[in-house]
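Below: one structure, written as structure tokens.
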Amino acid sequence: MKIAVLTKAIPSYESSIRIDSTSKWIDEAVVNFVVNESDSYALEEALQIKEKLDNGSEVVVITMGSEDNTSKVLKDGLAKGADRAIFIKNEDSNTDPLTIAKLFADNLKDENFDLIFSGLQSDDLGSGQTGVLIGEMLGMSTATLGIETDIQESKIKVKRELESGWFQWVTLPFPASVSIQSGINEPRYPSLKGIMGAKRKESKVIDGQSGSQKQNFINLFIPKNEKATEKIEGDVDGIVAKLMDVLKNKLRVVS
Amino acid sequence: MILVVLENQRGNIHAFSKEAVVAGQSLASKLGMELSILCMGENASSLKEQASGYKAKDLILAEHDMINAYSADGYSKVLSDVITDLSPQYVIMGHSYMVRDFLPRVSAKLNLPFVSDIISVTYNGDTPAFARQVFNAKLATNIQSDTSSNTTLLSFQSAAFSSDDIELGGSDAASVFEVNLSNEDIKSISEPEFQESSSGVDLTTADLIVSVGRGIESEDNIPMVESLAEAMGAEIASSRPVVDMGWLPSYRQIGSSGQAVSPTLYFSVGISGAIQHVVGMKGSKNIIAINKDEEAPIFEIADYAVIGDLMEIVPKLTEELKK
């Protein structure tokens with residue numbers, strides 16, 4: 001079985017996010033790029049399926065973007081156990097999910113993957129559409145927010161997470177594109193042997209040409225504060241004294 | 001025309017769909033367009049009954065045996081057919097888990113832009129711009145869809161509009177959309193929805209909640225926050241990453257996939273304030289948030305923004321509370 005895992009390099013949680021001079025994108029120079037969190041769970045799920053099947057299945061880790069931002073992502077995937085990597089090189093700041101999905105679909109269609117796993121959404125643009133769009137473009141069955149999977153004869157059962165603690169099992173015939181929810185498994189760390197071995201694995205580079213976008217960022221902006229927020233800062237004793245005053249005298253939730 | 005599509009949630013119109021109706025009514029009135037409401041699939045005729053009072057040009061019913069239960073294959077096919085037939089300018093739904101599951105399929109089938117998880121709309125003359133949060137809610141962006149596109153798909157984040165603002169006074173006009181589905185259209189099989197057995201901890205009735213996020217850094221630090229909750233007489237809760245790591249059980253989780261709460265006080269410790277978390281707690285009457293990152297999005301909705309190191313503040317505050 002051939003399993004694709006789509007991963008994305010996104011700014012780390014600690015990175016400071018600054019709007020650049022075009023006001024349509026962020027200043028990437030001050031950002032530390034890391035693997036999108038739910039993508040790590042998608043990769044782990046694929047690796048566990050490969051190990052469980054133990055039939056020579058292949059896991060291919062795939063990303064798109066500029067070389068500078070994404071190189072760590074593919075190395076990390078290969079070091080953890082993916083068999084090979086595909087890098088779709090594209091320097092454009094694409095923001096339209098359709099344009100992004102089309103780039104993947106066009107460049108992956110000849111691979112004929114049985115399964116495509118992706119994280120449920122990227123923590124940068126957060127549209128949460130890519131996996132489903134690619135699935136439809138390649139004529140695959142689709143499901144989102146998978147929190148458990150079970151591989152059966154030429155099909156996959158996926159436990160979908162719904163709102164407020166509800167769930168649903170769906171059975172999808174191959175080929176299928178499934179987005180994975182965080183928490184589905186415990187993502188592994190790369191072993192030293194894995195890191196060394198990653199250098200010898202195949203990593204294919206494709207030049208990706210993006211088409212026109214059907215939706216565009218007009219401008220990025222810093223969200224306005226909705227409330228009259230009172231800032232509390234300074235030394236720890238001062239902060240604690242102030243908090244005690246708020247809890248006791250303003251909110252009266254403790255006596 | 002504008003088309004709002006209603007979603008069924010265990011027999012009733014989904015709360016997000018009611019907000020989508022308000023979004024649709026607002027867009028229709030700003031742009032001088034007519035509004036139709038589509039009741040499709042699961043429980044459609046009952047949804048139509050429930051929506052009969054809403055102000056709209058008409059209600060459209062789309063039923064078929066093969067979509068009596070939700071199916072991404074079936075729903076995306078039927079909605080695509082409706083859009084092809086009616087050519088609405090905008091198709092509007094709530095940003096629910098079901099919409100995330102099937103609306104991108106419609107976008108890809110018909111090559112139409114889908115602007116998802118919108119928080120507000122502004123107008124430049126007759127051209128709407130849709131705002132959505134990006135980069136973990138640290139920034140927002142205004143989005144315009146390509147004017148050459150016949151239809152744009154929209155989904156609205158919960159509470160972007162209030163269902164209290166639904167305009168009533170519907171016409172009785174109704175029509176039936178002739179659904180065409182065959183076995184080849186439906187490849188996947190859905191089983192009934194179910195709820196996992198709960199622990200009996202109902203955070204929705206808690207008056208005080210201390211909630212912990214990834215800023216806690218290690219499982220070893222969880223007891224520190226538990227002591228704070230105990231000293232305040234509060235229930236402990238968490239954001240998703242803490243549950244994903246297995247540091248607290250899933251029934252403690254607040255957010256879109258967990259519980260939605262509105263306590264007197266929500267005391268958040270080391271939570272950045274990602275969208276998925278905030279939708280579950282923004283209704284809290286008072287919010288205190290501790291975070292060392294001054295730009296953490298949680299501060300945008302906090303009444304008290306404590307900028308500092310939780311590892312130092314939490315033990316000292318607990319000690320003071322115990323005195």
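The values are calculated or read from the model by the stated rules, or taken from the named source; none is laboratory data. All figures in this text were calculated on a predicted structure; none of them were measured in a lab. Cβ coordinates were reconstructed from backbone atoms using ideal geometry, including for glycine residues, and neighbour counts include every protein chain displayed.
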When the stretch A:197-208 is checked residue by residue, the ones that are within 18 Å of A:LEU103 (Cα to Cα) and loosely packed, with under 11 Cβ neighbours inside 10 Å are A:ASP207
Across (1) more than 9 Å from chain A (Cβ to nearest Cβ); (2) surrounded by fewer than 24 Cβ atoms within 10 Å (Cβ to Cβ); (3) under 29 Å from the mean Cα position of the chain (by Cα); (4) more than 22 Å from B:ASP207 (Cα to Cα), B:PRO241 clears everything bar (1)
Heads up, the strands (runs of 3 or more DSSP E) in the stretch A:183-255 (entirely inside) with at least 1 residues that are within 30 Å of B:LEU317 (Cβ to Cβ) are A:230-233
How many residues of the stretch B:268-279 are at pLDDT 90 or above and either farther than 19 Å from A:GLY146 by Cα or surrounded by fewer than 21 Cβ atoms within 10 Å (Cβ to Cβ) (or both)? The answer is 7
Checked the stretch B:289-319 for anything facing another protein chain (nearest Cβ under 7 Å), touching a Leu at 6+ places or on another chain (Cβ under 8 Å) and surrounded by 24 or more Cβ atoms within 10 Å (Cβ to Cβ); matches are B:VAL306, B:LEU317
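What is the residue count in the stretch B:250-267 for residues that are over 9 Å from B:MET281 (Cα atoms) and at pLDDT 90 or above? Walk me through it before giving the result.
First, the residues of the stretch B:250-267 that are over 9 Å from B:MET281 (Cα atoms): B:250-253, B:256-258, B:264-265, B:267.
Keeping just the survivors that are at pLDDT 90 or above gives B:252-253, B:264-265, B:267.
The total comes to 5.
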So, first residue basic (Lys, Arg) in the stretch B:53-68, second residue buried (at least 16 other Cβ atoms within 10 Å of the Cβ) and not in a helix (DSSP H, G or I), Cβ within less than 7 Å, six or more apart or across chains; the pairs are B:LYS55/B:GLU167; B:LYS55/B:GLY170; B:LYS57/B:LEU35; B:LYS57/B:SER36
Going through the stretch B:161-192 in order, the residues found to be surrounded by 10 or more Cβ atoms within 10 Å (Cβ to Cβ), in a loop (DSSP other than H, G, I, E, B) and under 27 Å from the mean Cα position of the chain (by Cα) are B:PHE161, B:SER162, B:ILE166, B:GLU167, B:GLY170, B:ILE186, B:SER188, B:GLU191
Subset of the stretch B:63-111, residues surrounded by fewer than 21 Cβ atoms within 10 Å (Cβ to Cβ) and either charged (D, E, K, R) or part of a strand (DSSP E or B) (or both), comes to B:GLU63, B:ASP65, B:ASP81, B:ASP85, B:LYS109
Residues in the stretch B:95-116 that are more than 7 Å from chain A (Cβ to nearest Cβ) and in contact (Cβ under 8 Å) with a residue 60 or more places away in the chain total 3
Given the conditions (1) in contact with a strand residue (DSSP E or B) (Cβ under 8 Å, 6 or more places away or on another chain); (2) under 30 Å from B:ALA20 (Cα atoms); (3) outside any helix (DSSP H, G or I), every one holds for B:ILE236 apart from (2)
Here the residues within the stretch A:66-110 that are more than 14 Å from chain B (Cβ to nearest Cβ), among the basic types (Lys, Arg) and either surrounded by 19 or more Cβ atoms within 10 Å (Cβ to Cβ) or not in a helix (DSSP H, G or I) (or both) are A:LYS80, A:ARG84, A:LYS89
query: Just a yes or no: is a residue in the stretch B:24-31 basic (Lys, Arg), touching a Leu at 6+ places or on another chain (Cβ under 8 Å) and either in contact (Cβ under 8 Å) with a residue 12 or more places away in the chain or assigned to a helix (DSSP H, G or I) (or both)?
result: no
When (1) aromatic (Phe, Trp, Tyr); (2) within 11 Å of chain A (Cβ to nearest Cβ); (3) outside any helix (DSSP H, G or I) are applied to B:TYR251, the one that fails is (3)
| said: Condition check: in contact (Cβ under 8 Å) with a residue 40 or more places away in the chain, within 11 Å of chain A (Cβ to nearest Cβ) and in a loop (DSSP other than H, G, I, E, B). Does B:SER158 satisfy that? | reply: yes
The number of residues in the stretch B:246-267 that are among the aromatic types (Phe, Trp, Tyr) and either surrounded by fewer than 21 Cβ atoms within 10 Å (Cβ to Cβ) or in the same structural domain as B:HIS95 (by TED's automatic domain parsing) (or both) is 2
